[in-house]
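What follows is a single structure, written as structure tokens, with notes after it.
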Amino acid sequence: MAKKLFLIFGPVVFAALLLFALLFSPFKLNHITAKTENKAALALSPNVLKGQVIKESALSHEKFVPFFGSSEFSRFDFSHPSVLATKYNRSYTPFLMGAPGTQSLTHYFQMQLITSQMKNRKAVFVISPQWFVKKGARKDAFGFYYSPLQSTTWLLDRKQNNATDRYAAQRLLDMPSGNANHTIMMALRRVAKGQKITHQQRTYLIYEQRLLQHEDQLFSALKIKNNQRKIDRLTKQLPEHYQLHELNQLAVKQGEKHTTNNRFGIDNRFYARRLRSKEKKFKNFEQNWTYTQSPEFSDFELVLDQFAASDTNVEFIIPPVNEKWSKYTGLSTKMLKQFDQKIRYQLTSQGFTNICDLSDKGDVPYFMQDTIHLGWRGWLAADQAIDPFLTQKQTTPTYHMNNKFYSKEWQNQLKVNN
Amino acid sequence: MLSFTPYENPMYFGILGLGLLPIVIGILCGKRFHWYETLISVFFLILTFGGPKLTQGFALIAYLIYEVLLVWCYTKYRKKNNNTGVFVSAVILAIIPLVIVKLTPAIQNGKQSIIGFLGISYLTFKAVQTIMESRDGVLKAFNPWFFLQFLVFFPTISSGPIDRYRRFKRDYDRVPKQGKYLQLLQKGLHNIFKGFIYKYMLAYVFGTMLLPKLEHQALMAHGLSWSLVGVMYVYSMYLFFDFAGYSLFAVGTSYFMGIETPMNFNSPFKSRNIKDFWNRWHMTLSFWFRDYIYMRLVFFFMKHKVFKSPKTTANVTYILNMTIMGFWHGVTWYYVTYGILHGAALVVNDWWLRYKKSHRGQIPHNKFTEVFATFITFNFVCFTFLLFSGFLNKMIMMK
């Protein structure tokens, strides 16, 4: 009987033990190749953004620089940062982290997986005014880019409990993602209340983290979008040598060529697909929109706090909105100006002084590719700040963070007095 | 509190494995601990119906008390008398809770009835079958405590397979011989692992990876499109692998407990005709309908000479039988149409087989016609599953 039982259950027990050993072992299960890193830097795939192993591996090389942002990165054209860096053999390669729906809170938590790679390094951060809506980050979009690996790592890294931690824990608990796992939820509740996580919670989180890391190691590299061909095709459009005047002319020419079917200077394909049939509906549609009152300001403060904690030197880019379009939709210019002042105050008052503020360039022809995304001349203008920032030596910034930016008062404050 | 949908994740299987261990050791030593089986059943019922689903738990308890008392009373009565009116009333009373649960969403805009719980249909099938077998006189020794065990047998409680009282009792009372039980363990484990492949790999590929994309494309196309054809096949595959996978878990778990719960699926897409299909698809349900609805209706019509020809009797009963099955799935136009279509298909199938028999020699029968028949049956079934999925309804509502 024993032999028969062994023949029946032996393989199952053996397989189960092997699987347990594999999933909970403290060893790294794979090796990320340079090819994967290069592909991932352009991929904009959610599994790369969510995960750890690929970002960590790529950013361990000096040449990769994290570019945080959102949907603008997927608008590849000849002046896109990745194209320029490739063509002119720059010393840096942008590692693009951003996709439609990634906002400050997503970035704060996904950064938790690369904190040591960000230490004393440079980064670029594109701020979208459109993030700063009344309701703040969308719950489903946050959930899409969230992985429990982010929260377990974050929870295990909390040393002392400060205002930043309490705010972040509370924000995560506001999202369905923060409540999906019972232990993580209970641990977050403790942190939000200013307590330390319990010993049992810590033990659980350590094993959970290992399991999730192994999942990330085994599966993240399997599905990475390949955008290399797009980049190669676009680099061919560029002149051999970098000459701003020539590039600017090229940008105007390209812009003219691609914006022929509408009066807003919007890319033909975007206009045809997304706006033409609904154009009428947009007339004065955005009249009462505001980007000046939003919980996003405090979420953004989390990101700044993380940059300060890891001494990252960051170039912030504030893009404009397409003025021809915003006039049509009735989006308030005054409100946009207020937003610009408010975000600049939050940055400069805490020592973040590398700001490439393009917010007044919305009326420059072919600056934007569509309604809100940087295009031909826009990326070129951004490059005037990005390239020197990344290739030249910068003075080490000193940050002095202020917890008032986590307050409801700041979130809702309309004007700042500089 | 911990709460699970049966067989939903690795943790459930871990707990299941530990819970089954004493039973397995017991049977291997030639002993059955009925008290432990009851204990473990209650434990898994609490896992399934406790915590956030406690209202369902209360509904289950109330339902069980009601059905056990009802069937008990009827069997007591049946020992002395055999009035048709009483029998019919008992059956109606037994199905009333199910009828209320099925009608509530149709009447109250999709709101679920508070007396409903996961698996109410399957318990009702068992109860009705017990009443009918008592009426027939084949079920003589009724034991309410055993009946309760039969109803709540936890591996099959949420979605079948539907076992029969007497068959279950034979297994329950007996301790399988060691050699035979070792075979059961082997088969059980095989079933569970096949279930993993079906439910967690194939159903995942079809249902989670492919279906949402195709559905989205089909909705965007507004009307007939190749994506809709894709939805039809992909949904059919998902439905099969999901349900067959679940059934394999239930059967496998039963085997570990020394109970040979009948199989639910037997390569249904290999069927050569629609009758063959219903002998292979959700078998315990279709056999239940055959024995307790189809046969009963046929006897009733013949006894009262409602129809002149036996052919008409069979045809009308096919349609009635399948329409009732449609209503059982839910009171929506697409479930009912699904039932009627299958009823009609059975009628056409019978007619064709008779026609073929009377024209022997004129109609070819070879490997090719067999493959062709399988192909037609498969496509018809997939089309009815598209209806069944409710996706067409969603498309119409979108417009």
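The values are calculated or read from the model by the stated rules, or taken from the named source; none is laboratory data. Being a predicted model, the structure only gives us computed values, none of them experimental. Neighbour counts are summed over all protein chains in view; Cβ atoms, including those assigned to glycine, are modelled from backbone coordinates with ideal geometry. These accessible areas exclude ligands, DNA and RNA; they are computed on the full protein's heavy atoms, side chains included. Shrake-Rupley method; radii C 1.70, N 1.55, O 1.52, S 1.80 Å.
Taken over the range B:179-256, the percentage of Cα pairs per 10 Å bin, counting from 0 up to the bin with the maximum distance, is 22, 34, 22, 14, 7, 2.
Axis of helix A:148-157 versus longest Cα principal axis of chain A: the two differ by about 80°, to the nearest ten degrees.
Taking each residue as 0.36 nm, the span from B:Thr55 to B:Trp352 lengthens on full extension beyond its C-alpha to C-alpha distance by 101.9 nm.
Placing a pseudo-label 7 Å from each Cα along the Cα-to-Cβ vector at A:Tyr399 and B:Met295 gives an inter-label distance of 7.7 nm. In a reduced charge model with +1 at each Lys and Arg Cβ and -1 at each Asp and Glu Cβ, chain B shows a dipole moment near 1340 debye about its Cα centre. Computed from backbone phi with θ = phi - 60° and the Karplus coefficients 6.51, -1.76 and 1.60, the 3J(HN,Hα) list for the range B:145-155 is 5, 5, 4, 4, 4, 5, 5, 9, 3, 5, x Hz; x is used for glycine and proline. Centre-to-centre, using Cα atoms only, the range A:279-325 and the range B:229-266 are separated by 51 Å. Shown here are the Rg and Dmax of the Cα trace of the range A:279-319, at 16.1, 48 Å.
Sites count as exposed loop sites when they are GluC sites (Glu not before Pro), lie in a DSSP loop, and have at most 14 other Cβ atoms within 10 angstrom; the longest stretch of chain A without one is A:241-418. Between B:Pro364, B:Pro212, B:Pro52, the GNM of chain B built on Cα springs shorter than 10 angstrom shows B:Pro364 fluctuating the most.
Spin-label pair A:Ser407-B:Lys367: with each label point 7 Å from Cα along the Cα-Cβ axis, the two points sit 8.6 nm from one another. Would you mind getting me the FRET efficiency between B:Ile46 and B:Leu18? Use the beta-carbon distance for r and R0 = 22 Å, nearest 0.05. Efficiency at R0 = 22 Å is approximately 0.90.
Dipole magnitude for the range A:1-412: computed about the Cα centre from +1 point charges on Lys and Arg Cβ and -1 point charges on Asp and Glu Cβ, it is near 1060 debye.
When only alpha carbons are used to place a centre, the range B:312-369 and the range A:199-263 end up 56 Å from one another.
Structural size metrics of chain B, computed from C-alpha coordinates, are Rg and Dmax of 22.4, 68 Å. The 3J(HN,Hα) values that the Karplus relation (6.51, -1.76, 1.60; θ = phi - 60°) gives for the range B:40-50 are, in residue order, 5, 4, 4, 4, 6, 5, 5, 4, 7, 10, x Hz. Gly and Pro appear as x. For chain B, the relative contact order works out to 15 percent when only alpha carbon pairs closer than 8 Å and six or more residues apart are counted.
Computed about the Cα centre, the dipole magnitude for the range B:335-399 is approximately 100 debye when only Lys and Arg (+1) and Asp and Glu (-1) carry charge, each at its Cβ.
For A:Val126, the residues whose modelled amide H falls within less than 5 Å of its own, excluding neighbours fewer than 5 places apart on the same chain, are A:Phe68, A:Gly69, A:Ile317. Of all the C-alpha pairs in the range B:243-315, what % are more than 20 Å from each other? Counting pairs separated by more than 20 Å, the tail of P(r) holds 49 percent. Averaging 1/r across all pairs of distinct Cα atoms in chain A and inverting the result yields a Kirkwood radius of 23.0 Å. Max-minus-min Cα coordinates of the range A:4-61 on each principal axis give 55, 20, 18 Å, with the largest extent listed first. For A:Thr93, the residues whose amide H sits under 5 Å from its own are A:Phe64, A:Val65, ignoring neighbours fewer than 5 places away on the same chain, with H placed 1.01 Å from N. For the range A:152-204, the calculated P(r) over all alpha carbon pairs, in 10 Å bins from 0 to the bin holding the longest distance, is 28, 62, 10 percent. Between the range B:3-66 and the range B:98-157, the alpha-carbon centres lie 18 Å apart. Determine how large the accessible area of B:Met302 is when every protein chain is in place; take a 1.4 Å probe and give Å² rounded to the nearest 10. Counting only protein heavy atoms, B:Met302 exposes about 100 Å² to solvent. Using only the Cα atoms of the range B:10-175, build the gyration tensor, take square roots of its eigenvalues as a ≥ b ≥ c, and label the shape rounded, prolate or oblate: rounded if a/c is under 1.5, else prolate if a/b is larger than b/c, else oblate. In terms of gyration-tensor shape, oblate.
With the convex hull constructed from alpha-carbon coordinates only, the range A:152-249 shows a mean projected area of 11.1 nm² over all directions. Scalar couplings 3J(HN,Hα) for the range B:271-276, obtained by applying the Karplus form with A = 6.51, B = -1.76, C = 1.60 to θ = phi - 60°, are 4, 8, 8, 6, 5, 4 Hz; x denotes Gly and Pro. When chain B is treated as a GNM with alpha-carbon contacts under 10 Å, the residue of B:Lys177, B:Lys31, B:Lys308 showing the greatest mean-square fluctuation is B:Lys308.
D by Stokes-Einstein for the protein assembly as shown, Kirkwood Rh over Cα pairs, 37 °C, 0.692 mPa s: 103 µm²/s.
Remark: C-alpha extents of the range A:261-418 on the principal axes read 49, 39, 25 Å, sorted largest to smallest.
Kindly provide log₁₀ I(q)/I(0) values, in the same order as q = 0.20, 0.24 Å⁻¹, from the Debye equation applied to equal alpha-carbon scatterers of the range A:336-405. Listed by q, the Debye log ratios stand at -0.97, -1.10.
Loop-located trypsin sites (Lys or Arg not before Pro) across the range B:56-126 with a Cβ neighbour count of 14 or fewer within 10 Å are B:Lys111, with loop assigned by DSSP. For a paramagnetic label modelled on A:Ser277 (point 7 Å from Cα along Cα→Cβ), amide N atoms under 14 Å away belong, within the range B:209-227, to B:217-223. Selection among B:Leu47, A:Gln201, A:Pro319 by position relative to the dipole of the protein assembly as shown gives B:Leu47 as farthest towards the positive end (Cβ unit charges, Cα centre). Would you mind classifying the range B:92-250 by shape? Square roots of the alpha carbon gyration tensor eigenvalues, ordered a ≥ b ≥ c; an a/c under 1.5 is rounded, otherwise it is prolate if a/b is larger than b/c and oblate if not. Oblate is the answer for the range B:92-250, as a/c is 1.5 or above yet b/c matches or exceeds a/b. The modelled label-to-label distance for the pair A:Ser60/B:Val306, using points 7 Å beyond Cα in the direction of Cβ, is 7.7 nm.
Of the residues A:Leu17, A:Leu250, A:Leu275, the one that moves most in a GNM of chain A with alpha-carbon contacts below 10 Å is A:Leu17.
The stretch between A:Gln287 and A:Phe27, if pulled fully straight at 0.36 nm per residue, gains 88.0 nm over its current Cα-Cα span. Using 0.36 nm per residue and subtracting the Cα-Cα separation, the extra length available between B:Gln112 and B:Trp35 on full extension is 24.2 nm. When Rg and the Kirkwood Rh are both derived from Cα coordinates, the Rg/Rh ratio for the range B:268-398 amounts to 1.01. Each Cα pair under 8 Å and six or more residues apart adds its separation to the average, and for chain A the resulting relative contact order is 22 percent.
Its alpha carbons give the range B:159-318 an Rg and a Dmax of 20.3, 61 Å. Placing unit charges on each Cβ (+1 for Lys and Arg, -1 for Asp and Glu) gives the protein assembly as shown a dipole about its Cα centre, and among B:Phe289, A:Ala180, A:Trp289 the Cα reaching farthest toward its positive end belongs to B:Phe289. For A:Asn89 and A:Thr348, the FRET efficiency from 1/(1 + (r/R0)^6), where r spans their Cβ atoms and R0 equals 25 Å, is about 0.15. Can you list the lysines whose alpha carbon sits under 22 Å from that of B:Lys213, skipping same-chain ones fewer than 8 residues off? List returned: A:Lys50, A:Lys139, A:Lys223, A:Lys225, B:Lys199, B:Lys394, B:Lys399.
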